[in-house]
Amino acid sequence: MGAAQLRYIFITLHAASGIISFFAGLSLLFLTIHIANKKLFNLYFWSLTGLIIFLAGAIIAYWTYYTNSERIIFSSLFGLGIYMLYRARNARQLLMTQGSNWKHGYISHIGFTLISLFDGFIIVTVINSGGPGWLVALFAIVGVLVGNRAIALAQRRVGDKEFASKE
């Protein structure tokens, strides 16, 4: 099997893991009955982990074919992936301990990874469609802005329910 085929397999697994993680994360944050569902969280966490592992595999498989610029870009994306795992791990710690007001930090951590995943989907789609760089940047910025608004709404919704349950 050649490097191109191996890279294709890793990219396919990477994308599938990302889609699973994204929808599991959305369910955790926006379907309130699932916010503390540990099985769903594990699906989110381990598919996110798979996404990073498969990205590493794709990068390694094709490393000798990349230009120096591509090596920097893909290494940076891998670094972002590691940071996403760090945020997901922090969310897991909050879920397991469920201390005072844990849901706000939990939503923030998962929300960061969801925004990153969404931007990744958008960026890849625009690039693969032949879109110009400015359009990639525009969609990425809009993704961050809309994502931050959605996360704030989720935090506010949870805050309202926590407040109501204390009365």
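Just so it is clear, none of the values below were taken in a lab; they were calculated from the coordinates. Keep in mind it's a predicted model, so treat the numbers as computed, not measured. Positions of Cβ are backbone-derived with ideal geometry, glycine not excepted, and every protein chain shown enters the neighbour counts.
With the helix formula -39500 (n - 2.57) applied to DSSP H stretches of n ≥ 4, the chain reaches a computed 222 nm mean residue ellipticity of -31000 deg cm²/dmol. Phi angles of segment 50-67 translate, via the Karplus equation with coefficients 6.51, -1.76, 1.60 and θ = phi - 60°, into HN-Hα couplings of x, 3, 6, 4, 5, 4, 4, x, 5, 5, 5, 4, 10, 3, 5, 8, 6, 6 Hz per residue; Gly and Pro are given as x. Normalised by the number of residues in the chain, the average gap of Cα pairs under 8 Å and 6 or more apart makes the relative contact order 21 percent. For segment 1-128, the mean projected area of the C-alpha convex hull, equal to one quarter of the hull surface, is 8.0 nm². Looking at the P(r) of segment 54-96, how many percent of alpha-carbon pairs lie beyond 11 Å? Roughly 67 percent, rounded to a whole number.
Listed values for segment 95-105 are Karplus-derived 3J(HN,Hα) couplings in whole Hz (6.51 cos²θ - 1.76 cosθ + 1.60, θ = phi - 60°), namely 5, 6, 8, 6, x, 4, 6, 5, 5, 5, x, and x replaces Gly and Pro. Which residues among segment 1-17 fall inside the zone where the amide N is under 15 Å from a point 7 Å beyond the Cα of T64, along Cα→Cβ? Within reach of a label on T64: 1-7. Residue-wise HN-Hα couplings along segment 107-123, as the Karplus relation 6.51 cos²θ - 1.76 cosθ + 1.60 with θ = phi - 60° gives them from phi, are 5, 4, 5, 5, x, 4, 5, 5, 4, 4, 4, 4, 4, x, 4, 5, 4 Hz; Gly and Pro carry x. Using C-alpha pairs under 8 Å with a sequence gap of at least 6, the mean separation divided by the residue count of segment 88-167 gives a relative contact order of 31 percent. From the alpha carbon centroid of segment 66-107 to that of segment 10-39 is 14 Å.
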